[in-house]
């Protein structure tokens, strides 16, 4: 019997990218929840062997957005049941908040291909990794920060879960869409979209290798997959 993975997607332009084919190669049956359209309270997190929470244009502290509270409840229940969670950018931030950390607007945005200072390169390679965020967070109590830079934590492990600030899932197709949809953010922060796209294409092969190494290490070392009884 295949294992089940749930991918939580927050809006149309933020798909799972490289994560989906990796999950399928690992034998997971992948389901996608558009949490901005569907109430997750209809789902039981214990029915999944892995939950992935993706990025978002919103902040994990925006309590006026109804689905953010829904996701917090869902992730809290999943963590309590020891279901592994992989949090990506917003996903890593909201997981940190659920588990007792703080999420807030950063005084240093990060957009582009940047290295991270990793203390565990077998889990989180130096990269460079793609960043596009304006918020940061404090790691929750009991977490081990395994990567950080001057902007804040970049990766942390807590229980069977891994929270990331960067985007291992990004592909050239995703970047094309982000540049189209969020061009105003690039203009506001003085980022050259053509240079960003060119660098993404140039780094694609290396990035794919780093992403696979990270995801493989996550599932083998952190999530520690268990067979159904």
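Of note:
- Among residues of the range 9-36, those that are without any contact (Cβ under 8 Å) to a residue 12 or more places away in the chain and either outside any helix (DSSP H, G or I) or on the phi > 0 side of the Ramachandran plot (or both), counted: 1
- Of the candidates 60, 76, the single residue that is in contact with a helix residue (DSSP H, G or I) (Cβ under 6 Å, 6 or more places away or on another chain) and either modelled with pLDDT under 95 or surrounded by fewer than 16 Cβ atoms within 10 Å (Cβ to Cβ) (or both) is 76.
- Residue within the range 206-216 that is touching a residue at least 40 places away in the same chain (Cβ under 8 Å), over 23 Å from residue 27 (Cα atoms) and surrounded by 14 or more Cβ atoms within 10 Å (Cβ to Cβ) present: no
- Residues of the range 117-146 that are within 14 Å of the chain's Cα centre (by Cα) and in a strand (DSSP E or B): 129, 130, 131, 132, 133, 135, 136, 137.
- Any hit, the range 91-99, residues being surrounded by fewer than 24 Cβ atoms within 10 Å (Cβ to Cβ), in contact with a helix residue (DSSP H, G or I) (Cβ under 9 Å, 6 or more places away or on another chain), closer than 14 Å to residue 6 by Cβ and in contact (Cβ under 8 Å) with a residue 24 or more places away in the chain: no
- Evaluation of residue 110 against (1) in contact with a helix residue (DSSP H, G or I) (Cβ under 8 Å, 6 or more places away or on another chain); (2) crowded, with 18+ Cβ neighbours inside 10 Å; (3) outside any helix (DSSP H, G or I) (one fails), failing number: (1)
- Residue list for the range 189-203, restricted to those being in a helix (DSSP H, G or I) and either surrounded by 14 or more Cβ atoms within 10 Å (Cβ to Cβ) or in contact (Cβ under 8 Å) with a residue 60 or more places away in the chain (or both): 193, 196, 197, 199, 200, 203
- Subset of the range 149-188 (residues that are at negative phi, within 19 Å of the chain's Cα centre (by Cα) and part of a loop (DSSP other than H, G, I, E, B)): 151, 160, 165, 166, 167, 168, 169, 170, 171, 182
The values are calculated or read from the model by the stated rules, or taken from the named source; none is laboratory data. Only a predicted model underlies this, so the values are computations on that prediction, with no experimental measurement involved. Counting neighbours? That spans all protein chains shown, and the Cβs are built from the backbone with ideal geometry, glycine included.
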